[in-house]
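The values are calculated or read from the model by the stated rules, or taken from the named source; none is laboratory data. Model, not experiment: these values are computed from the prediction. All Cβ positions, glycine included, derive from the backbone under ideal geometry; neighbour counts span all protein chains shown. These area figures cover heavy atoms from the full protein model, side chains too; ligands, DNA and RNA do not enter into them. Shrake-Rupley method; radii C 1.70, N 1.55, O 1.52, S 1.80 Å.
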Amino acid sequence: MKDEVKDGLENQPEQPEKNNEYGASSITALEGLEAVRKRPGMYIGSTDVKGLHHLVWEVVDNSIDEHLAGHCTDIWVTIHSDNSITVRDNGRGIPTDLHPKLKKSALEVVMTVLHAGGKFDKDSYKVSGGLHGVGVSCVNALSKHLRAEVHRDGKVYEQEYKQGKPQYDVREIGKTDKRGTVVTFSPDPEIFETLEYKFDVLAHRLRELAFLNKGLRLQLVDEREKEGDGFKTELFYSEGGLREFVRWLDEAKTGLIEEPIYIATNEESVDVEVAMLYNTSYSENVISFVNNISTRDGGTHVSGFRRALTREFKKYGDDNGFFKKINFTISGEDFMEGLTAIVSVKVQEPQFKGQTKGELGNSEVLGIVSRCVGDALKVFLEENPGQARRIIDKVVLAATARNAARKAREMVQRKGALTGGGLPGKLADCASRNPAESEIFLVEGDSAGGTAKQGRDRHAQAILPLRGKILNVEKALEHKIYENEEIKNMFTALGVSVGENDEGHRVLLTDKLRYHKIVIMCDADIDGSHITTLILTFFFRYMRELIEKGHVYIAQPPLYLVKKGKNQRYCWNDKDRKEAQMEFSGGREDDDSVKVQRYKGLGEMNAEQLWETTMDPATRILKQATIDDAVEADRMFAMLMGDEVPPRRAFIEANAKYARIDA
Ligand code: 0RA
């Protein structure tokens with residue numbers, strides 16, 4: 001351990017001394033830690049895998065704050081083989097002097113008193129947290145064991161805790177010429193449902209943090225996995241910051257402009273940083289951050305950005321007569337088509353709104369961002385007429401397509417209304433009219449559809465056969481979507497329609513959704529997985545809300561049936577198949593009476609088998625499709641357009657998590 005610490009604290013930056021004394025006295029004590037253990041959800045959101053990872057972000061946030069204050073260049077995160085975590089930085093080190101009122105070391109106060117991170121004095125410390133930011137003391141309270149080590153003023157200090165309780169006073173254990181803080185913790189199994197850290201989850205956020213904090217090095221080591229002479233390691237570092245971030249997001253797309261449009265300013269102590277690119281796709285990807293924290297639902301900073309973008313492009317197009325030929329209005333949405341943008345602001349006292357606190361509420365930020373972005377865009381448009389023209393042409397195309405799409409949509413919906421209920425002829429509906437208990441199976445091919453019809457529970461299960469490969473919506477224009485037979489059938493069968501709000505944004509109307517479970521059921525081969533992907537892409541682009549609300553599932557037909565006499569067992573993977581074969585043969589590999597049937601398609605099963613293995617709520621396994629991470633998903637969908645199969649498969653696997661529903 002000791003040697004590692006030394007390595008970790010190399011590359012010491014110049015440590016600029018700030019004139020304000022920041023010792024133990026500015027730390028304000030507020031609450032005890034028992035509350036955290038009693039109601040962990042209140043502090044870290046949940047005690048599932050998400051909460052488990054939250055512990056890491058809580059500690060890393062403190063190190064990021066040190067970076068923002070100009071005192072830290074490197075952060076190392078290590079997953080140890082027992083799933084304990086070390087976060088190490090080369091910041092100033094948590095102060096260890098005595099707190100005048102509490103008569104304790106500041107380190108102990110920071111680690112054991114809620115909200116005592118020192119962040120409470122607005123001017124002495126820059127906030128990175130806000131949504132996180134409940135403090136390292138929470139991590140301590142929720143850890144079976146935690147050890148803090150501080151390198152500061154030439155000395156090394158340590159203190160250990162169990163469930164937040166100090167095991168001894170802060171003690172000096174040696175000398176050092178480095179500075180920084182090392183926190184090692186083991187999440188408490190009494191608190192957390194799972195203790196296993198996921199490399200990819202940590203990597204994804206650390207990459208994001210590297211883009212958001214240019215010049216900061218973040219290293220991730222996974223000691224559970226050997227690689228070469230050492231362990232699996234990844235270093236995240238970005239010199240270009242958001243410029244590189246936006247390029248990374250659009251890696252798989254065809255660009256419309258060469259260089260990202262980049263804006264970095266400060267107004268009324270709000271830092272505004274924006275990077276944007278246009279590509280030739282039809283979708284928009286705007287992601288946003290406040291104090292490094294992702295705001296999934298946008299907020300005032302994103303509204304300000306949109307307002308400025310629409311206003312400046314519109315004015316530029318009008319002034320130059322580029323919209324003359326259009327006989328319908330251009331909506332805000334048209335300026336967003338093919339746009340990839342990152343909007344990042346740093347605000348002193350952020351207020352987060354909404355159910356999941358994923359939305360910025362500070363009203364002053366709207367005007368500030370709108371002005372900053374507006375000013376910068378004016379300059380860009382003046383200086384880059386060629387690129388401006390390309391963007392405006394694309395906007396005109398988007399408006400034209402939107403207009404055509406509206407007409408097509410209206411046609412489809414009017415027709416639907418005229419034919420009285422208008423459910424598709426191919427739909428074998430269920431008897432129940434209660435969406436909460438109703439399911440619809442979207443089945444590849446008419447023949448498998450027929451088998452499913454025979455095998456289903458008529459009361460609660462509807463079947464909609466889809467013919468072959470549905471339209472690749474990633475490549476198609478919106479109005480083509482509404483002309484496609486299979487897609488129209490899905491809209492009408494599901495009871496979902498598309499409308500437009502006041503701003504001309506397409507909105508999904510789901511209040512008449514007829515089934516709360518939508519199950520995609522395709523063959524267990526490459527073609528089947530391709531079709532699953534196409535259908536998922538369609539849901540992602542046009543019915544994203546249904547995925548977000550957890551309505552979309554992927555059926556898991558078995559791959560094998562292993563049989564011996566009357567004994568038979570379905571198997572979903574090779575491991576289970578081997579086990580079944582061994583069991584049935586009593587270990588004799590040459591036992592010819594053990595038969596293995598490999599299912600390639602749904603069509604190879606009869607109705608009873610399909611019911612038993614794939615459709616019966618009591619025994620089936622469904623994967624729930626989730627959009628855990630819209631950023632990654634969007635990149636992935638772009639990858640899916642390519643012709644290689646592997647990334648497509650990887651997407652499906654990464655975005656569908658096992659869920660034994662009904663259980
Ligand atoms: C309170 C005050 C100061 C730094 C820190 C806390 C601090 C906390 C953590 C947690 C992980 N790494 C950290 N690094 C620093 C300011 C110290 C000063 O003024 O010297």
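A few comments on the model shown:
- From A417, A448, A462, residue being at pLDDT 95 or above and either closer than 30 Å to I330 by Cα or surrounded by 15 or more Cβ atoms within 10 Å (Cβ to Cβ) (or both): A462
- Check on A264, within 28 Å of E349 (Cα to Cα) and without any contact (Cβ under 8 Å) to a residue 24 or more places away in the chain: yes
- The condition of being over 22 Å from K353 (Cα atoms) and out of contact with any helix residue (DSSP H, G or I) (no Cβ under 9 Å at 6 or more places or on another chain) holds for only one of E227, E193, that being E227.
- The one condition in (1) under 26 Å from the mean Cα position of the chain (by Cα); (2) small (G, A, S); (3) at pLDDT below 90; (4) within 12 Å of the ligand (Cβ to nearest atom) that G45 fails to fulfil: (4)
- Some residue of the stretch 189-196 being within 28 Å of the chain's Cα centre (by Cα), of a type outside the set (D, E), assigned to a strand (DSSP E or B) and under 26 Å from A141 (Cβ atoms): no
- Scanning the stretch 21-30 for residues that are over 26 Å from the mean Cα position of the chain (by Cα), at pLDDT below 90 and crowded, with 20+ Cβ neighbours inside 10 Å turns up at least one hit.
- Flag if Y168 is open to solvent by 20 Å² or more (accessible area, probe 1.4 Å) and assigned to a loop (DSSP other than H, G, I, E, B): yes
- The condition of being open to solvent by less than 30 Å² (accessible area, probe 1.4 Å) and either without any contact (Cβ under 8 Å) to a residue 12 or more places away in the chain or away from the ligand (no atom under 16 Å from the Cβ) (or both) holds for only one of G174, G180, that being G174.
- Any hit, the stretch 70-77, residues being within 13 Å of V183 (Cβ to Cβ), within 11 Å of the ligand (Cβ to nearest atom) and within 25 Å of the chain's Cα centre (by Cα): yes
- Taking the stretch 154-171 as the range and being away from the ligand (no atom under 16 Å from the Cβ) and more than 19 Å from G93 (Cα to Cα) as the test, the residues that pass are K162, Q163, K165, Q167, Y168.
- The set of residues in the stretch 241-250 that are open to solvent by 30 Å² or more (accessible area, probe 1.4 Å) and under 25 Å from I392 (Cβ atoms) comprises R243, R247.
- Close pairs (6 angstrom Cβ cut-off, 6 or more residues apart or separate chains): more than 17 Å from L209 (Cα to Cα) in the stretch 69-88, away from the ligand (no atom under 12 Å from the Cβ) and in a loop (DSSP other than H, G, I, E, B) anywhere: I79/Y197; N83/L195; N83/E196; N83/Y197
- Any hit, the stretch 393-411, residues being open to solvent by less than 80 Å² (accessible area, probe 1.4 Å) and farther than 28 Å from T254 by Cα: yes
- Within the stretch 228-252, residues that are under 20 Å from I287 (Cα atoms) have Cβ atoms under 6 Å from residues that are assigned to a strand (DSSP E or B) and acidic (D, E) in these pairs: L242/E273, counting only partners at least 6 apart in sequence or on another chain.
- Restricting the stretch 83-103 to residues that are within 12 Å of the ligand (Cβ to nearest atom) and not in a strand (DSSP E or B), the residue that is surrounded by the most Cβ atoms within 10 Å (Cβ to Cβ) is I94.
- Residue match in the stretch 376-398 (condition: assigned to a helix (DSSP H, G or I) and closer than 29 Å to A493 by Cα): yes
- Scan the stretch 493-533 for residues that are in contact (Cβ under 8 Å) with a residue 40 or more places away in the chain, touching a strand residue (DSSP E or B) at 6+ places or on another chain (Cβ under 9 Å) and open to solvent by 60 Å² or more (accessible area, probe 1.4 Å) and the total you get is 3.
- In the stretch 595-631, the qualifying residues are those that are farther than 15 Å from L559 by Cβ and of a type in the set (V, I, T), and the one that is modelled with the lowest pLDDT is V631.
- Unique residue being closer than 30 Å to M42 by Cα and open to solvent by less than 40 Å² (accessible area, probe 1.4 Å) when the list is L339, L360: L360
- Test result for K232, more than 19 Å from the chain's Cα centre (by Cα) and assigned to a strand (DSSP E or B): yes
- Residue check for A106: modelled with pLDDT of 90 or more, open to solvent by less than 30 Å² (accessible area, probe 1.4 Å), near the ligand (Cβ under 9 Å from one of its atoms) and of a type outside the set (D, E): yes
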